[in-house]
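The values are calculated or read from the model by the stated rules, or taken from the named source; none is laboratory data. Nothing here was measured: the structure is a model prediction, and the numbers come from that model. Glycine gets a Cβ as well: all are built from the backbone with ideal geometry, and neighbour counts include every protein chain shown. When the accessible area is computed, the model is the full protein with side chains, heavy atoms only, and any ligands, DNA or RNA have been set aside. Shrake-Rupley method; radii C 1.70, N 1.55, O 1.52, S 1.80 Å.
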Amino acid sequence: MVVALSKRGDVEPFHAMDVLAEANRLKALGVPVISMAVGQPSDPAPAAVREAAARALRDGRIGYTDALGVPALREAIAAHYAEHYGVEVSPGRIAVATGSSAAFNLAFLAMFDPGDSVAVVAPGYPAYRNIMGALGIDVVEIEMEDTPYLTADHLEAAHKRKPLKGVLFASPANPTGAIIPEKELAELIARAENLGISVISDEIYHRLSYAGPDVTALSLGKDVTVINSFSKYYCMTGWRIGWMVLPEKLIRPIERIQQSLYISAPELSQVAAVEAFKATQELEAVKARYAWNRALLMQRLPELGFALAAPMDGAFYAFCDVSRLTNDSMEFARRMLAEAHVAGTPGRDFDMQSGHRFMRLSYAGSHDGMVEAVARIERWLK
């Protein structure tokens with residue numbers, strides 16, 4: 001029997017998930033591991049979300065929906081943009097997806113052909129690079145050396161080296177937590193438009209900003225594509241539900257591709273997600289704990305030799321330069337998990353060139369867990 005293998009499976013593994021698998025293996029053996037490896041809230045979805053899901057299971061059949069999502073959720077998302085950002089968005093421009101992961105896949109398939117060049121930031125979320133690589137898209141990584149966030153000048157310099165069809169950025173960013181200031185974001189979007197470069201803005205960490213209000217790219221450019229999710233602020237990671245806000249010309253192409261690849265996002269998650277926008281009081285209490293954890297790590301990590309490589313302005317990550325401690329963050333992460341029982345993510349996930357010097361630590365867990373994790377690392381390093 002011959003088994004065919006495509007080159008698409010040769011993408012780099014997502015090392016954070018490998019670390020999570022090993023941490024879970026140790027936990028199953030009774031080892032008291034504290035995970036700072038994965039960007040996953042430790043809190044459950046809000047009570048109203050879970051209650052809506054329970055009602056839907058009791059009261060009716062869960063089936064397919066319209067490819068772009070149920071009207072109630074698309075309308076709730078549109079209302080969110082009006083309330084939170086003061087931006088009017090038609091529900092018709094919103095596509096509901098099976099998490100932001102599916103949204104990225106849909107966007108890349110609808111916007112780019114094999115061989116097109118698309119810029120991303122390094123360090124950056126590895127799935128951008130891996131999904132595009134699997135689709136045959138040429139990924140152009142822009143190394144962040146002089147600023148923690150992408151600027152218009154970075155983009156234009158990359159475009160001069162190799163003409164770009166698109167650019168993808170996140171603000172707040174994973175793994176750094178860096179936020180693009182509004183003035184710089186406006187200039188970046190305007191420059192992209194002038195250069196004929198399509199813009200995808202990953203806003204999955206919105207509502208988790210600590211340095212100021214959120215600014216959506218939709219307020220600064222009429223043809224940007226925005227991707228967001230209920231996984232982070234809304235604590236719905238395992239529900240696999242996200243959304244896109246699309247330029248008019250992308251709506252039908254996205255719908256056609258969604259029909260064949262996914263049919264629709266899970267109806268149960270869609271029904272439940274409608275309630276997430278009503279749970280702000282509950283979710284802000286969770287965010288307050290993140291801020292508490294952030295303050296702890298901003299003080300303690302540099303004292304332990306984990307120098308902060310970027311401002312922790314948003315999300316729930318500390319991206320640390322560990323070159324004082326190691327030149328191989330992959331091996332360092334393995335040892336920290338095996339010996340200190342604290343899981344962290346090696347920087348190779350986020351930067352293929354310089355990641356050996358860095359680690360990402362998530363502070364989305366409990367405050368007691370963060371206090372204990374820091375204490376364990378301190379004891380381990382002595």
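Values for this structure:
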item: Qualifying trypsin sites (Lys or Arg not before Pro) for region 34-109 [loop in DSSP, other Cβ within 10 Å: at most 13]; result: ARG61
item: Amide H contacts of TYR317 (H built 1.01 Å from N, under 5 Å, at least 5 apart or other chain); result: TYR363
item: Alpha carbon centroid spacing (whole Å) that separates region 292-320 from region 179-251; result: 24
item: Long-range amide H partners of ASP116 with built H, under 5 Å; result: ASP138
item: Two-site label geometry, ARG379 and SER90: point separation in nm, points 7 Å out along Cα→Cβ; result: 6.1
item: Formal net charge of residues neighbouring MET244 (Cβ-Cβ distance under 12 Å; K, R +1; D, E -1); result: -1
item: In nm, spacing of pseudo-spin labels at LYS249 and ASP153 (7 Å Cα→C-beta vector); result: 3.1
item: Accessible area per residue in Å² at 1.4 Å probe, computed on region 294-382; result: 39
item: Net charge of Cβ neighbours under 13 Å - reference GLN259; Lys, Arg +1; Asp, Glu -1; result: 0
item: Karplus-derived HN-Hα couplings along region 39-46 (A = 6.51, B = -1.76, C = 1.60, θ = phi - 60°), whole Hz, x at Gly and Pro; result: x, 10, x, 7, 7, x, 4, x
item: Filtered GluC sites (Glu not before Pro), region 61-135: DSSP coil and at most 12 other beta carbons within 10 Å; result: GLU88
item: Proximal charge balance of ASP351 [Cβ under 13 Å; K/R count +1, D/E count -1]; result: -2
item: Residues with amide H under 5 Å from that of SER231, placed H, sequence gap 5 or more; result: MET236
item: Label of the coordinate-derived value, volume of the Cα convex hull per residue in Å³, listed as (1) 134; (2) 207; (3) 161; result: (3)
item: ³J(HN,Hα), Karplus 6.51/-1.76/1.60, whole Hz, each residue of region 60-77, x for Gly, Pro; result: x, 6, 9, x, 6, 10, 3, 4, 8, x, 6, x, 4, 6, 4, 5, 5, 5
item: Loop-resident sites, region 251-305, for trypsin sites (Lys or Arg not before Pro), counting at most 14 other Cβ within 10 Å (DSSP); result: none
item: Extension gain from GLU284 to ALA72, taking 0.36 nm per residue of separation minus the Cα-Cα distance; result: 74.0 nm
item: Derived scalar couplings ³J(HN,Hα) [region 238-254; Karplus, 6.51 cos²θ - 1.76 cosθ + 1.60; whole Hz; x for Gly, Pro]; result: x, 7, 6, 9, x, 8, 10, 10, 10, x, 3, 5, 8, 4, 5, x, 5
item: Region 47-184, relative contact order [Cα under 8 Å, separation at least 6], %; result: 19
item: Percent antiparallel among DSSP beta bridges (both partners in the chain, rounded to 5); result: 50
item: Rounded percent of accessible protein surface that carbon and sulfur make up, the chain, 1.4 Å probe; result: 52
item: Two-site FRET efficiency, ARG25 against ALA211, from Cβ-Cβ distance with R₀ of 45 Å, rounded to 0.05; result: 0.75
